[in-house]
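Accompanying notes for the structure given below.
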């Protein structure tokens, strides 16, 4: 089985919740995703701190497999950091707030992404990003997902020195990946 998520459909679904109060926005987006992709979306939000590339936010894993992940990521107080460089396509569908970005090969150009817009990070690219006051996004990654785990877990392990965050992330990602594998989804 290949990729099940379509970036255009994810973008369309994420735009439908823009402007809603946050809790309603998260519930509606999750419900819409579960309807569009039955059996592949975790509907119970388990928020986990995420310390990746110097940025601090929270995430809830909606889908995880060896080839795709789908999360809601964000912060109510702002953050900034480094994406890391991956062999993945990563789409950030903004649903609330702003994300400011510059790409490594264009270090003097800032792009600003607002609700309803999508920021795309191509394989092999890296970006610096900032959510100046707050920012929430539906993030979709496709490619060999385990290759991004060292960067995704490194901040919690070596900077925050918080094995609890590492354990919660590995446990939640691992359980979702096993559920996907049992359905024949790699």
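Points worth noting:
- Tally, over region 1-52, of residues that are closer than 27 Å to residue 81 by Cβ, at pLDDT below 95 and over 17 Å from the mean Cα position of the chain (by Cα): 0
- All positions within region 82-125 that are surrounded by 15 or more Cβ atoms within 10 Å (Cβ to Cβ) and farther than 19 Å from residue 18 by Cβ: 82, 83, 84, 85, 86, 88, 89, 90, 102, 103, 121, 125
- Subset of region 14-32 (residues that are free of Cβ contacts under 8 Å to residues at least 60 places away in the same chain and either farther than 11 Å from residue 138 by Cβ or touching a helix residue (DSSP H, G or I) at 6+ places or on another chain (Cβ under 7 Å) (or both)): 16, 20, 21, 23, 24, 27, 28, 31, 32
- Residues in region 65-92 that are modelled with pLDDT under 95, touching a helix residue (DSSP H, G or I) at 6+ places or on another chain (Cβ under 7 Å) and not in a loop (DSSP other than H, G, I, E, B): 88 alone.
- Subset of region 41-64 that is in contact (Cβ under 8 Å) with a residue 40 or more places away in the chain and assigned to a loop (DSSP other than H, G, I, E, B) - its residue that is farthest from residue 99 (Cα to Cα): 42
- Only residues that are part of a loop (DSSP other than H, G, I, E, B), touching a strand residue (DSSP E or B) at 6+ places or on another chain (Cβ under 9 Å) and modelled with pLDDT of 80 or more were counted in region 158-185, giving 1.
The values are calculated or read from the model by the stated rules, or taken from the named source; none is laboratory data. Every value quoted in this text rests on a predicted model; they were computed, and no experiment measured them. Positions of Cβ are generated from backbone atoms using ideal geometry, with glycine treated the same way; all protein chains shown enter the neighbour counts.
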